[in-house]
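**Student:** What follows is a structure written as structure tokens; I'll ask about it next.
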Amino acid sequence: MSKIFFNASLPRSGGTLLQNVLAQNTLMHVSSASILLDFMAASKDSFTHMMQYIHPDEASINKKAFLEFCRKGIPAYTNTFTERPYFLDKHFAWMHYYSFLEQVVHSVKIIVMVRDLRDIVCSFEENYRKDPLKHNMHVDWNELNNTTMQKRVNTWLASSPLGSSLEHIKDAMNFKQDILFIRYEDFCENPLPEMAKIYNYLGLHFWLHDFTKIKQVTQHNDILHFANHDIDSEVKQKQSRAIDVLGEDICAQIQHQYHWYFKTFNYGKD
């Protein structure tokens with residue numbers, strides 16, 4: 001591996017689709033559900049905890065050693081999966097670790113697919129309804145937690161992975177981090193210019209993709225109700241079902257509550 005890039009797309013926003021489109025590039029390896037971030041986050045937390053026991057005179061060399069450990073650890077991890085020169089790692093929380101990555105990776109490049117928030121929540125709810133036998137850690141009838149659609153919507157918007165991802169975006173905007181945001185709707189309507197933006201951002205030569213024959217190479221364990229990582233074999237526009245599924249009141253509530261998001265990514269009322 002010569003370069004690693006990161007996909008921190010919002011859930012239900014085409015992040016998996018993008019991974020599999022980019023997998024057509026024979027120079028690019030794409031991850032499924034990556035645990036690289038978990039390794040690095042746990043190591044960082046452990047280092048931070050242990051530093052309180054390190055003598056101040058040795059703090060600098062220990063920090064240098066830790067960062068070198070991370071720098072060498074990333075290629076050790078990615079090279080286990082592939083010999084391809086480019087590696088695209090997917091985890092929704094990479095935005096949160098942008099500053100940490102700047103100390104470890106030569107040039108931090110994070111792609112984030114976004115989508116109309118009403119359609120994201122709609123997708124969560126539709127997946128919840130599809131399979132009543134599927135495990136759901138959110139619903140508790142004894143405590144009456146998330147037993148109605150309104151309660152579930154509020155929980156999804158205020159918890160991981162969706163709620164935390166929205167918080168990461170806010171931080172990224174405040175700190176003016178160099179992150180590429182791609183609207184899912186634009187990608188589906190005309191993927192070619194969006195892919196050109198991605199390659200330009202990554203600093204790679206453009207690769208001509210076939211958006212009508214996408215083979216899924218990523219694999220996921222979709223144990224939770226909101227999770228469904230199956231992709232269509234073709235990039236195509238989809239009609240919004242948010243009003244039909246959630247109703248006008250909840251859609252209006254989402255837009256009002258997250259006005260900053262709709263304004264930032266130019267999502268209108270309709």
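The values are calculated or read from the model by the stated rules, or taken from the named source; none is laboratory data. These numbers come from a predicted model, not from an experiment. All Cβ positions, even for glycine, are placed from backbone atoms using ideal geometry, and neighbour counts span all protein chains on display.
**Student:** Across region 193-223, what is the number of residues that are at pLDDT 90 or above and part of a loop (DSSP other than H, G, I, E, B)?
**Tutor:** Summing the residues that are at pLDDT 90 or above and part of a loop (DSSP other than H, G, I, E, B) in region 193-223 gives 16.
**Student:** Cβ-Cβ distance below 9 Å, separation of 6 or more or different chains: which pairs start in region 1-16 with a residue that is closer than 21 Å to Lys236 by Cβ and end on one that is in a loop (DSSP other than H, G, I, E, B) and of a type in the set (Asp, Glu)?
**Tutor:** These pairs meet every condition: Thr16/Asp230.
**Student:** Condition test on Thr148, is it without any contact (Cβ under 8 Å) to a residue 12 or more places away in the chain and closer than 30 Å to His29 by Cβ?
**Tutor:** no
**Student:** A follow-up question, please. State which residue pairs qualify: first residue small (Gly, Ala, Ser) and inside region 243-268, second residue part of a helix (DSSP H, G or I) in any location, beta carbons under 8 Å apart, and separation of 6 or more residues or different chains.
**Tutor:** From region 243-268, the pairs are Gly268/Phe262.
**Student:** Would you confirm whether or not region 35-58 contains a residue that is surrounded by 17 or more Cβ atoms within 10 Å (Cβ to Cβ), in contact with a Gly (Cβ under 8 Å, 6 or more places away or on another chain) and touching a residue at least 12 places away in the same chain (Cβ under 8 Å)?
**Tutor:** Checked region 35-58: at least one residue is surrounded by 17 or more Cβ atoms within 10 Å (Cβ to Cβ), in contact with a Gly (Cβ under 8 Å, 6 or more places away or on another chain) and touching a residue at least 12 places away in the same chain (Cβ under 8 Å).
**Student:** Of all residues in region 23-53, count the ones that are of a type outside the set (Gly, Ala, Ser), farther than 16 Å from His220 by Cβ, out of contact with any helix residue (DSSP H, G or I) (no Cβ under 8 Å at 6 or more places or on another chain) and assigned to a helix (DSSP H, G or I).
**Tutor:** 6
**Student:** Could you list, in sequence order, all residues of region 192-202 that are in contact (Cβ under 8 Å) with a residue 40 or more places away in the chain and surrounded by fewer than 19 Cβ atoms within 10 Å (Cβ to Cβ)?
**Tutor:** Tyr201, Leu202 - these are the residues of region 192-202 that are in contact (Cβ under 8 Å) with a residue 40 or more places away in the chain and surrounded by fewer than 19 Cβ atoms within 10 Å (Cβ to Cβ).
**Student:** Among what's in region 1-15 and is hydrophobic (A, V, I, L, M, F, W, C) and either within 10 Å of Met113 (Cβ to Cβ) or out of contact with any Leu (no Cβ under 9 Å at 6 or more places or on another chain) (or both), pick the residue that is surrounded by the most Cβ atoms within 10 Å (Cβ to Cβ). If you could, list the steps in order and put the result at the bottom.
**Tutor:** First, pick out the residues of region 1-15 that are hydrophobic (A, V, I, L, M, F, W, C): 1, 4-6, 8, 10.
Now restrict to residues that are either within 10 Å of Met113 (Cβ to Cβ) or out of contact with any Leu (no Cβ under 9 Å at 6 or more places or on another chain) (or both): 1, 8, 10.
Working: Met1: 18, Ala8: 25, Leu10: 23.
Selected residue: Ala8.
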